[in-house]
1. Does segment 592-599 contain at least one residue that is at pLDDT below 95 and among the acidic types (Asp, Glu)?
2. Is it true that Phe414 is within 16 Å of the ligand (Cβ to nearest atom), crowded, with 20+ Cβ neighbours inside 10 Å, among the aromatic types (Phe, Trp, Tyr) and touching a residue at least 12 places away in the same chain (Cβ under 8 Å)?
3. Mind checking whether some residue in segment 379-390 is more than 16 Å from the ligand (Cβ to nearest atom), surrounded by fewer than 17 Cβ atoms within 10 Å (Cβ to Cβ) and touching a residue at least 12 places away in the same chain (Cβ under 8 Å)?
4. Exactly one condition in (1) under 30 Å from Met814 (Cα atoms); (2) open to solvent by less than 40 Å² (accessible area, probe 1.4 Å); (3) assigned to a helix (DSSP H, G or I) is not met by Ser965; state its number.
5. Would you mind listing the strands (runs of 3 or more DSSP E) fully within segment 811-896 where at least 3 residues are open to solvent by 10 Å² or more (accessible area, probe 1.4 Å)?
6. Inside segment 673-703, can you point out the residues that are over 12 Å from the mean Cα position of the chain (by Cα) and of a type in the set (Gly, Ala, Ser)?
7. Might you check whether a residue that is over 22 Å from Leu603 (Cβ atoms) and β-branched (Val, Ile, Thr) occurs anywhere in segment 701-722?
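The values are calculated or read from the model by the stated rules, or taken from the named source; none is laboratory data. Quick caveat, the model's predicted, so the values are computed rather than measured. Cβ sites come from the backbone with ideal geometry, for glycine too, and all protein chains shown count toward neighbours. To get the accessible areas, we keep the full protein, side chains included, count just its heavy atoms, and leave off ligands, DNA and RNA. Shrake-Rupley method; radii C 1.70, N 1.55, O 1.52, S 1.80 Å.
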Amino acid sequence: MPVVSSAVYPNVSYSVAAGSVYGQAFTSQSLPAVGQFKETNTFSSQSTSVPHLLQQHVPVGYNTTLSTISSAQSVQDNLCRNLTGSVAKVNNQINAGGIDSSQPVHPVSQSVLFTKPGAGTSVSSAVISSVRTPAPSLSSQPRSSPSVTQSPELALQEAIDSSSTTSSASPVLNNYDALEGGGYPEARSVTSSPVPAPSVPQTSKASKPFGYGYPTLQPGYQNAAPPTPVQPSNSGHHPGFQHYPQQYPGVNQLSSSLGGLSLQHSQQPESLRPVNLTQDRNILPVSSVPAPVPNLNSDLRKLNCSPDSFRCTLTNIPQTQALLNKAKLPLGLLLHPFRDLTQLPVITSSTIVRCRSCRTYINPFVSFIDQRRWKCNLCYRVNDVPEEFMYNPLTRSYGEPHKRPEVQNSTVEFIASSDYMLRPPQPAVYLFVLDVSHNAVEAGYLTIVCQSLLENLDKLPGDSRTRIGFITFDSTVQFYNLQEGLSQPQMLIVSDIDDIFLPTPDSLLVNLHESKELIKDLLNALPNMFTNTRETHSALGPALQAAFKLMSPTGGRISVFQTQLPSLGAGLLHSREDPNQRSSTKVVQHLGPATDFYKKLALDCSGQQTAVDLFLLSSQYSDLASLACMSKYSAGCIYYYPSFHRSHNPAQAEKLQKDLKRYLTRKIGFEAVMRIRCTKGLSIHTFHGNFFVRSTDLLSLANVNPDAGFAVQMSIEESLTDTSLVCFQTALLYTSSKGERRIRVHTLCLPVVSSLADVYAGADVQAVVCLLANMAVDRSVSSSLSDARDALVNAVVDSLASYMSTASNLQQSMLIAPNSLKLFPLYILALLKQKAFRTGTSTRLDDRVYAMCQMKSQPLVHLMKMIHPNLYRIDKLIDESTIHVNDRVVPQPPLQKLSAEKLTREGAFLMDCGSIFYIWIGKNCDNNFIKDVLGYPNYASVPQKMTQLPEVDALSSERTRSFISWLRDSRPLSPVLQVIKDENPAKTDFFQHLIEDRTEAAFSYYEFLLNIQQQICK
Ligand SMILES: [Zn+2]
């Protein structure tokens, strides 16, 4: 082991790394939606700001850890050269309180390291005296403006050149933004605004860089140089070329057949059927609410993207912003881009065919003008069909470009060429950062984590290069040398938490396969190593700083397990919760972070392609509002286990175990970016989810996982009168755990409508509600919870009022909704009673903040179950209708409304809340059910903590288990089951979901309807 005493160490504090910037870089990029709602207390009256930065990331130091120096070096050269424009901008944005990037390198004072007393029983301890190895990754990075400059125009030209050719000799651009090929930030310089001003519609309209004439240009459109004449959108073909008749199904032909679309089709009658809400008490369908099917012709419908991946709040897009404003419904997308798919066409091709102007990937909704040319469905540019595309690998035939898999599937994945790389694809790297304070040991989580890791070590996604490492912390930070060849793991303790450093940088992240035995030894030893600890402090911040340093050269995933408020070193937090305020009906404070430490750390991590996932297992307030920032801005995920205790709370322990199994083995994408493109005229103004917004339409995702959802708000910048169809495309560029660069592309096509009735007919009420939930979270933090609640109510009031005013024959005394929106008031009431937004009911601050985090990061299907769980009666399953799934008979009980009036003491009910199933047993429940399904002789003998159903040889047992496993199979996370009797403390958890009932603090559903009606009549 290298022992260097008083070595010179570049004082690179964690916050200065890799040219990341924060400070003033956050500019609002949300356009105030043009009066979508009322002026006051609606979401649109205040723009929701999104953290926004120009590209800033420079991968450095990679060549110090990989042997492929030559290629990495050339990449780095390019990086330095191309950095110019952005760094200049970046420097402009660093505020005084931010970073001093010109800090000199100076010697660091010696620090004394000592061995942890009593920790050396199974792991040998090493005493190191001032080991300071210069961190190679950090010392070589360019931090100030490079000396080589390049004009923005040149950079732009270069970008265009490189993106329009597939030649591997093309210059590599310095950021992932340019890499994915959409908007090159250099193009901003052309508009003579080096620092992007907060985008406001008026100003962006004033600066049209090119002659396209659409007001707010997406960066993608700005790249088109020189401007090409744009084809009129509905012209059938390019002049001078023979028009290929119906042979090529494309937008043009389909548009004309849809011309003057007025929805006199199947969609209208049912979805516009007026529903009298105050009279009709049975609005809940018998089975779960399906996504509305866009009103497209059958060919397009078949090709369209699955609603499981991609949903729009309005499946009929209003032609103009004015029409959208009239409808009083938000326009936006709900995305689940990386979800697990059973079928996914994967395309390996040296040429990935994309529009030369806007970089859209060829998709089923483009039109072929002839065999050699296709027209982009987003910007309408005519592009050449490359020679290679003429061959169809599926049919092995030539000359049928429209039959290629890219044109036949709206969800495809490309294996990307080196053009899509800034550096060789990174290996899968996993770092676990574990709290080992007294509190953590007492909770007993370590056993579960180590056991799960041991069980799943071989299933961690990766290849022969996969690396893994461990850091533990209490009042000091402990590292583990797992270098191959050691006889046992070595613990290295760093007590200088004010100036954390890596004792042996090269042997802390080790190859999983080479050091597997050492890793197993460590995992077996860890749970017992700290048993007798009296250390109550938590130096989480310093441990995270160390983790960041360790991960910087490669990027990867940091998994943090924390059990209390961090109490030492950087990022320490104080309790901010006043338990007496938990059921306040007035102001709810401290929904935002107490410090920017965790956000800054996350941005640094994101810049080094590292995501931080947080597992918070706490029995007391831990300030999740602050801690969550480490994951929110690094594209990580957040898990929270309130009142966690391994033996006292078996349901939580089981949940952790199940979550970990999924977490450790699910797919993972590294160093990812996601871009969302849409038909010109539409524009994106706010993103929701866990990520970092790199430019107006590009999200930076250091990691992407299949359980992450995203939402996007949009507006209509320019009327869509020239087209009858619009498309949205997301492209997710990532490195797979096997080291492949891949691009997953989804394309959604929707019709454009011109009447208000048609807009309502196409409303997707679940998507609307999920988008509103995201907006309400932002509003709660930026303004106040009561503002957010008012805005939610106003969303219903305004849209129903607007609908009723258009339907002339309605009586004013009734509250009427179109069938498509009949569940809107119910869902909004459910949101108001949800932990995130409720008032008057005792809610712990961390619980509330966690619910908000989930709203922002769950895909729609999970979010809906959280907002409005499904309730079934299950004591009479034998009589229910059934379906057959894989030789299994699965009963299909009807959905029950969430009201106590549905719960009879004679029955048993299952509530599906997404991540948890409650089975409520009535006091007078049939003894046969208790015996056969629960396995106990009578109600009284059913235990309080029951989390599993036994296998009993009886039809009702078989049917119940079959139904529950059918529900479980439909989701990646296996929910925990909790049996609830009347005396059970978990009863309140169950009853709080009966949202149709009146509570002390909130309306019943009926009262809520009357309240809405009253407000409409005002
Ligand atoms: Zn295009």
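1. No, every residue in segment 592-599 fails to be at pLDDT below 95 and among the acidic types (Asp, Glu).
2. no
3. Yes, there is a match, as at least one residue in segment 379-390 is more than 16 Å from the ligand (Cβ to nearest atom), surrounded by fewer than 17 Cβ atoms within 10 Å (Cβ to Cβ) and touching a residue at least 12 places away in the same chain (Cβ under 8 Å).
4. (1)
5. Per the criteria, 870-873, 882-885.
6. Those that are over 12 Å from the mean Cα position of the chain (by Cα) and of a type in the set (Gly, Ala, Ser): Gly681, Ser683, Ser695.
7. Scanning segment 701-722, I find at least one residue that is over 22 Å from Leu603 (Cβ atoms) and β-branched (Val, Ile, Thr), so the answer is yes.
Residues are listed down the side, and each one gets a yes or a no for (1) in contact with a Ser or Thr (Cβ under 9 Å, 6 or more places away or on another chain); (2) part of a helix (DSSP H, G or I):
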position	(1), (2)
Cys379	yes, no
Leu394	no, no
Asp419	yes, yes
Gln426	yes, no
Glu442	yes, yes
